[in-house]
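Below is one structure; the comments refer to it alone.
The values are calculated or read from the model by the stated rules, or taken from the named source; none is laboratory data. Fair warning: this is a prediction, and the values are worked out from it, not measured in the lab. Here the Cβ positions follow ideal geometry from the backbone for every residue, glycine too, while neighbour counts run over all protein chains shown. SASA here: full protein model, heavy atoms, side chains in, ligands and nucleic acids out. Shrake-Rupley method; radii C 1.70, N 1.55, O 1.52, S 1.80 Å.
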Amino acid sequence: MTKEQDQGAMIPGREYQIRALCLISPAAAQKELERIGVDPAGINHMLPKLEQHALLVPQVRAAAANILKQEMLSLGGDAAVARGTVACSVSSTDVLLIGTRKQLLTLCNKLTGQPFGLKTLASQLALFLKTVQQPPTIWQTSRRQLSLERPLIMGILNVTPDSFSDGGCYSTVEQAVERALQLEAEGADLLDIGGESTRPGAPLISAEEEQERVLPVIEALANRLSIPISIDTWKSSVADACLTAGAEIINDISGLNFDPALAEVIARHQAGLVVMHTRGTPQQMQQDTAYTDLMGEVTASLLQSAASARSAGIAHEQIALDPGIGFAKDLHGNLELLRRLSELCSLGYPLLVGTSRKSFIGKTLQREAAADRLFGTAATVAHAVTSGARIVRVHDVQAMKDVALMAHAINSQ
């Protein structure tokens, strides 16, 4: 096999980005098998046959797609391809692999000797299936490992005059410190401090002004809080000062796209990182909410941000992903992201979801005031945890911790 043949499945310059469109967990089936009294060795043999997957592999050359189709059919599964693929009247197609875990693992073995880049796909597919089966269990910050065995509650503290929900409420250091200690007492696992509003249309402020707002609060809290402090910023100078003062995590709405120096700062401090998907700054983002493939773009953007972080020396265990609910998405886009969160949970990183009191909840429920969106927020938090999110960012810590832990208990027992 030539090198050209082995790389020939993909459109030049692209890597496979496998996405899970549906996952049928075998957990309930395993309990039934145990109840029936099946031999443990038999359970281990049967479970891979019960876990059904539908995995999307984008932009595969027609010749390679035909091999995938034939191999999946021979295994009892299937592969959906575009019309014209069999006759090669189209140059490439997305491929939807449909089969059990056992069938897909067998496919990996069968592809290792195939041309057209399918050997590469086989190794990536095998890694993907392992990631789905073994989701991340820890999130590393600069000072500790956070267990992801249960969902983490990230409490929101905005020291801004213009945030959509609590702007101006905690504008002095004393007010901010009191609120932070209250959130910790309510059960927050992390505290996320923001010094610049990122609501749609919010004006940009200078790094100096943002730092003046957040740094005194961090310095006052560093030796009083037992939980990690996260800073909601995309500016490298602000991040550097805050991490030096005691913060452990940077929550970057830009996904490392606004300030090219930010990744190096995070790597140097060995801090935790949240990369989020958006389009443009808060001033423009709601003018660009139309997507041909929302999940495809969000997935590709998050994986690219994670790759950029790793290239800068940030470890895989330090990175979490945020799909950016409310950022460059309209009502229908936000609801679609929530409905399909499980696809993002299969990417191999912890997923953070922030829906608290956001306007799409108000539009759905006709609740104009942000303070009236508690129960709508609770529904989204429960759904996010059920879908696999491991960090939820909320204003109402005590109530949402109850919601998150209850949803987790239902789905983990």
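Here are a few things to note about the model shown:
- Applying the criterion of being polar (S, T, N, Q), out of contact with any Lys or Arg (no Cβ under 9 Å at 6 or more places or on another chain) and free of Cβ contacts under 8 Å to residues at least 60 places away in the same chain to the residues of the stretch 170-205, the residue that is farthest from VAL403 (Cα to Cα) is THR172.
- Of all residues in the stretch 380-413 being of a type outside the set (A, V, I, L, M, F, W, C) and not in a helix (DSSP H, G or I), the one that is most open to solvent (accessible area, probe 1.4 Å): GLN413
- Pairs where the first residue, in the stretch 346-369, is more than 19 Å from GLN318 (Cβ to Cβ) and the second is assigned to a strand (DSSP E or B) and small (Gly, Ala, Ser), C-beta under 7 Å, 6+ apart: SER346/ALA20
- Tally, over the stretch 254-265, of residues that are within 19 Å of the chain's Cα centre (by Cα) and either under 15 Å from ARG310 (Cβ atoms) or open to solvent by less than 10 Å² (accessible area, probe 1.4 Å) (or both): 4
- Conditions (1) in a loop (DSSP other than H, G, I, E, B); (2) surrounded by 22 or more Cβ atoms within 10 Å (Cβ to Cβ); number of the one not met by LEU121: (1)
- Members of the stretch 262-284 found to be within 16 Å of GLY313 (Cα to Cα), part of a loop (DSSP other than H, G, I, E, B) and either among the aliphatic types (A, V, I, L, M) or touching a Phe, Trp or Tyr at 6+ places or on another chain (Cβ under 6 Å) (or both), listed by number: ALA271
- Residue in the stretch 248-261 that is in a helix (DSSP H, G or I), modelled with pLDDT of 95 or more and out of contact with any Lys or Arg (no Cβ under 9 Å at 6 or more places or on another chain) present: no
- Residue list for the stretch 370-379, filter: at pLDDT 95 or above and part of a helix (DSSP H, G or I): ASP372, LEU374, PHE375, GLY376, THR377, ALA378, ALA379
- Only residues that are closer than 19 Å to TYR16 by Cα and under 16 Å from the mean Cα position of the chain (by Cα) were counted in the stretch 270-304, giving 11.
- Selected residue [open to solvent by 10 Å² or more (accessible area, probe 1.4 Å) and either closer than 14 Å to LEU347 by Cβ or hydroxyl-bearing (Ser, Thr, Tyr) (or both)] from ARG310, ARG279: ARG310
- Selection from the stretch 342-369 of residues that are in a helix (DSSP H, G or I) and buried (at least 20 other Cβ atoms within 10 Å of the Cβ): GLU343, LEU344, PHE360, ILE361
One line per residue, one yes/no per condition, for (1) part of a helix (DSSP H, G or I); (2) of a type in the set (D, E, K, R); (3) at pLDDT below 60:
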residue	(1), (2), (3)
MET1	no, no, yes
SER25	no, no, yes
GLU32	yes, yes, no
ILE43	yes, no, no
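- Condition met for ALA79 (at pLDDT 95 or above, in a strand (DSSP E or B), open to solvent by less than 60 Å² (accessible area, probe 1.4 Å) and over 13 Å from ARG101 (Cβ atoms)): yes
- Taking the stretch 225-247 as the range and being free of Cβ contacts under 8 Å to residues at least 40 places away in the same chain, among the polar types (S, T, N, Q) and either touching a His at 6+ places or on another chain (Cβ under 8 Å) or in a loop (DSSP other than H, G, I, E, B) (or both) as the test, the residues that pass are THR233, THR244.
- No other residue among ARG213, ARG179, ARG199 is open to solvent by 10 Å² or more (accessible area, probe 1.4 Å), in a helix (DSSP H, G or I) and touching a Phe, Trp or Tyr at 6+ places or on another chain (Cβ under 8 Å) apart from ARG179.
For every residue, the table says whether it meets (1) at pLDDT below 95; (2) within 30 Å of THR380 (Cα to Cα).
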site	(1), (2)
ILE67	no, no
LEU75	no, no
THR120	yes, no
GLN124	yes, no
SER147	no, yes
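- Filter pass, ASN44 being at negative phi, touching a residue at least 12 places away in the same chain (Cβ under 8 Å), polar (S, T, N, Q) and out of contact with any helix residue (DSSP H, G or I) (no Cβ under 6 Å at 6 or more places or on another chain): no
- Only listed residue being hydrophobic (A, V, I, L, M, F, W, C), out of contact with any strand residue (DSSP E or B) (no Cβ under 6 Å at 6 or more places or on another chain) and over 22 Å from PRO200 (Cα atoms), chosen from ALA300, ALA306, ALA328: ALA300
- Which listed residue, of LYS49, LYS102, is within 29 Å of the chain's Cα centre (by Cα), in a helix (DSSP H, G or I) and modelled with pLDDT under 90: LYS49
- Selection within the stretch 82-111 - buried (at least 20 other Cβ atoms within 10 Å of the Cβ) and among the charged types (D, E, K, R): ARG101
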